[in-house]
1. To the nearest whole number, what is the average tally of beta carbon atoms from other chains within 10 Å of the beta carbons of peptide A:230-240?
2. Any idea what the relative contact order of chain B is, in percent, if you count C-alpha pairs under 8 Å spaced at least 6 apart?
3. D for chain B, whole µm²/s, Stokes-Einstein with Kirkwood Rh over alpha-carbon pairs at 37 °C and 0.692 mPa s: what number?
4. Where a Cα-Cα gap under 13 Å defines reach, which aspartates and glutamates qualify for B:LYS12, not counting those fewer than 8 residues away within the same chain?
5. Most mobile of B:VAL58, B:VAL67, B:VAL19 per a Gaussian network model of chain B (Cα springs, under 10 Å)?
6. Helix-only estimate, please: 222 nm mean residue ellipticity of chain A, summing -39500 (n - 2.57) across DSSP H runs of length 4 or more and dividing by its residues, to the nearest 500.
7. Could you compute how fast region A:121-256 diffuses translationally, taking Rh as the Kirkwood radius over C-alpha pairs and applying Stokes-Einstein at 10 °C with viscosity 1.306 mPa s? Give it in µm² per second.
8. Can you give the average number of partner chain beta-carbon atoms within 10 Å of each beta-carbon in peptide B:181-188, as a whole number?
2 protein chains.
Amino acid sequence: MEKEEKSLSLLKEGERLDVLKRENIQIIQSSTVFSFSLDAVLLADFANVPRKRKATIVDFCSGNGAVAFLLTGKTENPVIGVEVQDALIDMARRTVQLNQLEERVSFLHADINEITQLIRPDSVDVITCNPPYFKDLPSSTKNDLGAFTIARHEILLKLPELMEQTSRLLKMNGKAYFVHRPDRLLEVLDAMRANRLAPKRIRFIYPRVGKEANMMLLEAIKDGKNEGLHILPPLYVHDENREYTEEVQAILFGTE
Amino acid sequence: MEKEEKSLSLLKEGERLDVLKRENIQIIQSSTVFSFSLDAVLLADFANVPRKRKATIVDFCSGNGAVAFLLTGKTENPVIGVEVQDALIDMARRTVQLNQLEERVSFLHADINEITQLIRPDSVDVITCNPPYFKDLPSSTKNDLGAFTIARHEILLKLPELMEQTSRLLKMNGKAYFVHRPDRLLEVLDAMRANRLAPKRIRFIYPRVGKEANMMLLEAIKDGKNEGLHILPPLYVHDENREYTEEVQAILFGTE
């Protein structure tokens, strides 16, 4: 009851609380400003992070912090989220407060392109990132710089910049995890390799049986060998009844 | 009865006849010299060839001709196979004779690296190729130059050379189809793009549910845009009973 009151007092207009079930975290969302999607959940599930071994873990383009909060279920290490948008970092920090996660998750308010001012190069073990998916094409309206637009379009952060900064922060053999769209596979692979990131594992995600992939998860290793790429088993999101497949349900809600 | 005698008289020692069911073609194989595998069948199925519209269709690294013979079921155009190995082109040509396919399939005995001496550049609409999959690593024994070794290892034809010659032969907007191994995806994509071949569609093939992909089918378009890559639905080869899946059975035997 006390928690519920605290929760409500931390919410701003238009915001709501959703629950990350497996982690038992209440996360502040907003359908007008920002709410995370399945992509974030699958990315956090895909990332290999050391559970107990000491490691520096950073989540780029953190949004309202979903990936960072989800990672707390997989590691005892603190997780650092980086987000450039005021409104989103504000939401993320209130979620920290609400769940008393001050020792587990923190957020840096920063542009990824200037991240080395805040995080030392060659110091990070694992980076996760759910970046803007869409190229900022000339046809798209630059005037609409709402939070969703900046989160979805490469306005403030382009793919080569993302890979450059990822590579700068990572230790040798550090690992980076991305979720992106398959139609940009070639650009992703090129930008990785141009920045000493060797693609190691790719998992394609299909909305359901018989459809083309509409998402992909990638793992890269800094200074890894450009050999031995693995294409993991496909992941289907929905079954023939348009419900989440068992695998996705287990990722979302746990298997118990 | 007469055909059977003719068949047998065309066989050399150690050879056998297998049947391409959908095409009703008897194909000469040899477990010691060369026999085609599922890869060839999936490649021929994957390739888009004009059924009636006049088109020049070439199959590189033809082996005993499996892909070329399979393509006769999809097009009324003649198919030209290219193979460098004496023993294999001999098998392929006897299969032509055996099935009276002289008007439909022909074979050129040539090294792909010298193919423009026989086929005019910028003249081909569709190229298919099931190339050697393995790099000729220093550790592999160069003395074993049996037909299988040459067919499987990049001894006479390396990936960049394959893409270079493919690109030279193709007309603008001509299409190329390859089957290869996923661990070489990066090299394949690089070699394509270094030779004006834009990757357009990729289909990953999985031995069964839960396993990593062990084969991939690729479509590239000469002078196509390097945008809009499609990752097609996965193809599983075996079901949980280790039998061919329905989809593979349909490709192998037709749906009737």
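Throughout, read-outs are computed from the coordinates displayed, never taken from laboratory work. Because the structure is predicted, anything quoted here is derived from the model rather than measured. Here the Cβ is made from the backbone with ideal geometry for all residues, glycine too, and neighbour counts use every protein chain on show.
1. Counting Cβ atoms of other protein chains within 10 Å of each residue's Cβ and averaging gives 4.
2. After rounding, I find 16 percent.
3. 176 µm²/s
4. B:LYS12 reaches B:ASP90.
5. Looking only at B:VAL58, B:VAL67, B:VAL19, the biggest GNM fluctuation is shown by B:VAL19.
6. Rounded to the nearest 500, it is -8000 deg cm²/dmol.
7. Numbers: Rh = 16.3 Å.
Once the numbers are plugged in, D ends up at 97 µm²/s.
8. Across B:181-188, the average partner-chain Cβ count within 10 Å equals 4.
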